[in-house]
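Have a look at the structure below, then the notes.
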Amino acid sequence: MASNTENNINIDEIYKNDFATFILSYKNPDNCKTLKTLHRFGFTGNYYLIVGTDDPKLEEYKVKHKDHVLIFDKSDYDESIDFMDQGGKRGIGVYARNACYDLAKQAGLKYFFVLDDDYHAIKYRIADEKNPKILRSYFCYQLDAVIKESLYFYVTHPEIQTLCWCQAGDVIGGTGNSKFKQRLIRKAMNSFFSAVDRPIKFFGRMNDDVNAYTYWGAKGQLFLTMMDIMIEPEETQAPNTGMNDIYQDSGTYRKTMYSIMHSPSFIKATMMGQSRYRLHHLVDWKCACPCIISSKYQKKRND
């Protein structure tokens, strides 16, 4: 654990008084997999389920989860969100992602960790001691400590807009994966360490997280994913997941196109999968974000 006194920051106090984990949930008060997973892996911190007023099971959330529910009205955000289309279904996550900053203020928080409601495991990803080419995974049963460590890194680096944990797809190929070698990569999906004074404007009816880290990343904002901790969500188009009906209506073609529309210079469509192929976005990171050029390339002047 990082020092509590370093930089005059007491992360234990922040974790206790100024921080909470937010779980975006919809029509699922009885079986929030992420909440069950958090508790199974040792989480004891403060948390809230983020629920819209249009949720048909809102009253069930209130009864079952009591003070651990924060409620927002989608109509409050209709005018401020660019959906990038001419209309469509409202059962989408972009409302909640934008509302989280206002809800955190209302709850008196400075920092919060946003999660979806379909995670079934959280794991460490560590190179094998005997064979460093193999990337091992171990269940993360010290979840409070891990969240505190991640939060400390985020709090002490105010230049970071948001910090995320990686997903299984980020480490395909083990320690030979270029992303794993980088340790921190410039993307942000599925989990977001956030701050009230570092707001992110999410947009697009679909692919709102990808839209944010590519569009704002291209403008110089720093979105990062750390490769040491991995979350395992359900498959994107699995039955009974939050936006499954929208994916069934249009597949991933439409989802991919939202990101291509705003940044066609460095995002394109490609096919991904092993047996069941689907269309997916592909980011050309050499062109996506501003880069710092090493001083070794600087031309010396002979004045």
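Here are some pairs, 110/187; 133/296; 201/255; 27/255; 181/299; which of them have Cα atoms lying more than 28 Å apart in this structure? Those over the limit are 133/296; 181/299. Springs between Cα atoms under 10 Å define the GNM used for the chain, and in it the highest mean-square fluctuation of 95, 215, 77 occurs at 77.
Using the Cβ-Cβ distance between residue 86 and residue 268 with R0 set to 22 Å, the FRET efficiency from 1/(1 + (r/R0)^6) comes to roughly 0.40. Averaging the sequence gap over all C-alpha pairs within less than 8 Å and six or more residues apart, then dividing by the number of residues, gives segment 82-210 a relative contact order of 40 percent. Each Cα pair under 8 Å and six or more residues apart adds its sequence gap; the mean of these over the residue count of the chain is a relative contact order of 18 percent.
Computed from phi, the 3J(HN,Hα) profile of segment 220-226 under the Karplus parametrisation 6.51, -1.76, 1.60 (θ = phi - 60°) reads x, 6, 9, 10, 10, 10, 8 Hz, with x in place of Gly and Pro. Projected onto the charge dipole of the chain (+1 at Lys/Arg Cβ, -1 at Asp/Glu Cβ, origin at the Cα centre), which of 150, 81, 108 gives the Cα projection farthest towards the positive end? Farthest along the dipole direction, towards plus: 150. Based on alpha-carbon atoms, the Kirkwood radius and the radius of gyration of segment 1-95 give Rg/Rh equal to 1.08.
Please get the size of the charge dipole for the chain, origin at its Cα centre, with Cβ charges of +1 on Lys and Arg and -1 on Asp and Glu, quoted in debye to the nearest 20. Once rounded to the nearest 20, the dipole reads 1340 debye. In the chain, the DSSP-assigned H stretches of four residues or longer account for a calculated mean residue ellipticity at 222 nm of -8000 deg cm²/dmol, using -39500 (n - 2.57) per stretch and the full residue count as denominator. Ignoring aspartates and glutamates fewer than eight residues from residue 268 along the same chain, the ones with Cα atoms less than 20 angstrom from its Cα are 85, 170, 208, 209, 284. 3J(HN,Hα) along segment 174-189: x, 5, x, 5, 4, 5, 5, 5, 6, 6, 10, 10, 8, 8, 7, 9 Hz, from the Karplus curve 6.51 cos²θ - 1.76 cosθ + 1.60 with θ = phi - 60°, whole Hz, x for Gly and Pro.
Phi-derived couplings, Karplus 6.51 cos²θ - 1.76 cosθ + 1.60 at θ = phi - 60°, listed residue by residue for segment 46-63: 6, 8, 9, 8, 9, 10, x, 5, 7, 5, x, 10, 4, 5, 5, 4, 4, 5 Hz, with x used for Gly and Pro.
Just so you know, the Cα atoms of the chain work out to an Rg and Dmax of 19.8, 76 Å. Size descriptor for segment 107-183, Kirkwood hydrodynamic radius: 14.5 Å (Cα pairs only, one decimal).
We did not get these values from a lab; they are worked out from the coordinates using the rules stated. From a predicted model like this one, the values you see are computed outputs, not experimental measurements. We place every Cβ from the backbone using ideal geometry, glycine too, and count neighbours over all the protein chains shown.
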